[in-house]
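> Shown below is the structure under consideration.
The values are calculated or read from the model by the stated rules, or taken from the named source; none is laboratory data. Note that the coordinates shown come from a computational prediction; the quantities given were computed from them, not determined experimentally. Using ideal geometry, Cβ is built from the backbone for each residue, glycine included, and neighbour counts are taken over all protein chains shown.
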Amino acid sequence: MPRRPLAIPSRAAPSWAAPFVVVLLTALAPAGPAVAQDQSEGRCPHPEPVCAARAAVFPIAAFSPVASAVRLGPELLVTARHAVADETGIELLLLPDGAVLPAEAVPSPLPLDLVLLRVEGLPEGPTLELADGLDADATVYVVGADIGSARVEVFEPGTVLATPPAEAPLARLHHQAHTQPGNSGGALVDAEGRLVGIAVAGGSGRYEAIPAAALARLRDESGADAAAADAAFDAAVRACTLALEELQGAPAPEGAAATALAEDCLATGNRQFYDLAGQVFGRAGDLERATELFEASLAQDPQALNARLSLAITLHLARRFEAELEHLRWLLERLPADPQVLRLAVQAGKWGGDAELAERAYAGIERHFPEQAPAARQFLDSDAPAPR
């Protein structure tokens, strides 16, 4: 990623301008860089088992106009719940002939961003072996539908950033393998082509997948008996998604409308919606509600880098510097060269009473952004009081 200039004001807190955009990885968001290599006519510049995984992934159209699904069995696939919601006209595209097959979502009671699809008449094909464990710095690849080429492709690889802790059953696998709109529901595989997760969301070079280990529980608990719980999740996904779309470029809701947005997004059970709603409220200056949403997100997944950075920014704007410190210490360990983390840590460390944190951040600025070090040093040595 290109480095951004790091400006450290002497008094004011930074504006609400996080250096990332968290998105749900469907066609509803603008496509990212075209990093997929030309994989037409069988060309694929990645390990052979990774390229072969394309045969187990299909483009689908449902609530999202383009998403992806991964074959689990003869007539069973999995995709992201947010790509389907309560849509009944789900279509699966067969490549390369372009035939379309109808798919039916299987009700699930789980607050996961996953849902099973049944497709009668699905041609025979491979399924992906599940990976047995994953190293913290393993190389992974996203295999999913590319909107521009209308093909299933392998995207540029990346490393694993964090694996889910055992005490957080809804936590996700965080990684740097490029993921873009249309990939929701696609496969995250290791270098051996084994399935490690289902791609769902991300932003600013930090992406998320539901761990493949969740698929066993999804298969066990999905079925007609889960129809009521499933309908409630799906309705919340639709309501939250449509509300967020309507708010793009518009003022944030107030009063009853704000309460409804927060309640609908929380009812999805999907912490990515918590983050998106939190960003809406943060930009509007409703810092209390934004804080509550980001805290709910971290309660579900304490490894969520973007959620924690959003919370740190929100606390900074609220002038709650002491409360911000624990999050900045955590972030500085994991994102030691991130310009926003360094800037926040210098300011909050000084204003929140943690001189050691401020000096650690300053050392990071000297190393990664030396042109900004004099301004940072001047700020730390000044008598500028904390803003109120």
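> Out of (1) among the small types (G, A, S); (2) under 12 Å from L112 (Cβ atoms); (3) part of a strand (DSSP E or B), what's the single condition that is false for A201?
(2)
> So, in the stretch 93-112, of the ones that are at pLDDT below 95 and within 23 Å of the chain's Cα centre (by Cα), which residue ends up nearest to A226 (Cα to Cα)?
The extreme case among them is P111.
> Please find, within the stretch 368-388, the residue that is modelled with the highest pLDDT out of those that are part of a loop (DSSP other than H, G, I, E, B) and of a type in the set (G, A, S). Steps first, answer last, please.
At the first step, the residues of the stretch 368-388 found to be part of a loop (DSSP other than H, G, I, E, B) are 369, 382-388.
Filter again for of a type in the set (G, A, S), leaving 382, 384, 386.
Numbers: S382: 94, A384: 79, A386: 87.
Filtering the stretch 368-388 for residues that are part of a loop (DSSP other than H, G, I, E, B) and of a type in the set (G, A, S), the one modelled with the highest pLDDT comes out as S382.
> Let me ask something else. Only one of L161, L188 is among the aliphatic types (A, V, I, L, M), in a strand (DSSP E or B) and touching a His at 6+ places or on another chain (Cβ under 6 Å); which?
Details: L188 fails: touching a His at 6+ places or on another chain (Cβ under 6 Å).
Criteria check complete, one pass: L161.
> Okay, moving on. Just name the residue that is surrounded by the fewest Cβ atoms within 10 Å (Cβ to Cβ) out of those in the stretch 283-303 that are more than 15 Å from G269 (Cα to Cα) and among the aliphatic types (A, V, I, L, M).
Filtering the stretch 283-303 for residues more than 15 Å from G269 (Cα to Cα) gives 283-291, 302-303.
Pick out the ones that are also among the aliphatic types (A, V, I, L, M) and you get 284, 287, 290.
Working: A284: 17, L287: 20, A290: 29.
Per the criteria, the residue is A284.
> Looking at this structure, is L247 of a type outside the set (K, R), surrounded by fewer than 20 Cβ atoms within 10 Å (Cβ to Cβ), farther than 16 Å from L114 by Cα and not assigned by TED's automatic domain parsing to the domain that holds P165? Even if it seems obvious, please write down each step before you answer.
Numbers: of a type outside the set (K, R): yes; surrounded by fewer than 20 Cβ atoms within 10 Å (Cβ to Cβ): yes; farther than 16 Å from L114 by Cα: yes; not assigned by TED's automatic domain parsing to the domain that holds P165: yes.
For L247, the condition - of a type outside the set (K, R), surrounded by fewer than 20 Cβ atoms within 10 Å (Cβ to Cβ), farther than 16 Å from L114 by Cα and not assigned by TED's automatic domain parsing to the domain that holds P165 - is met.
> Taking the stretch 324-376 as the search range and keeping residues that are among the small types (G, A, S) and free of Cβ contacts under 8 Å to residues at least 24 places away in the same chain, which one is surrounded by the fewest Cβ atoms within 10 Å (Cβ to Cβ)?
Of the stretch 324-376, the ones among the small types (G, A, S) are 337, 345, 348-349, 352-353, 355, 358, 361, 363-364, 373, 375-376.
Subset that is free of Cβ contacts under 8 Å to residues at least 24 places away in the same chain: 345, 355, 358, 363, 373.
Details: A345: 29, A355: 11, A358: 22, A363: 14, A373: 18.
If we take residues in the stretch 324-376 being among the small types (G, A, S) and free of Cβ contacts under 8 Å to residues at least 24 places away in the same chain, then A355 is surrounded by the fewest Cβ atoms within 10 Å (Cβ to Cβ).
> Restricting to the stretch 138-156, name every residue that is touching a Ser or Thr at 6+ places or on another chain (Cβ under 8 Å), farther than 15 Å from I198 by Cα and part of a loop (DSSP other than H, G, I, E, B).
A138, S149
> Is it true that some residue in the stretch 116-135 is under 17 Å from the mean Cα position of the chain (by Cα) and in contact (Cβ under 8 Å) with a residue 12 or more places away in the chain? Talk me through it step by step, then tell me what you get.
Narrowing the stretch 116-135 to residues under 17 Å from the mean Cα position of the chain (by Cα): none.
Checked against the condition, which is being under 17 Å from the mean Cα position of the chain (by Cα) and in contact (Cβ under 8 Å) with a residue 12 or more places away in the chain, the stretch 116-135 yields no hits at all.
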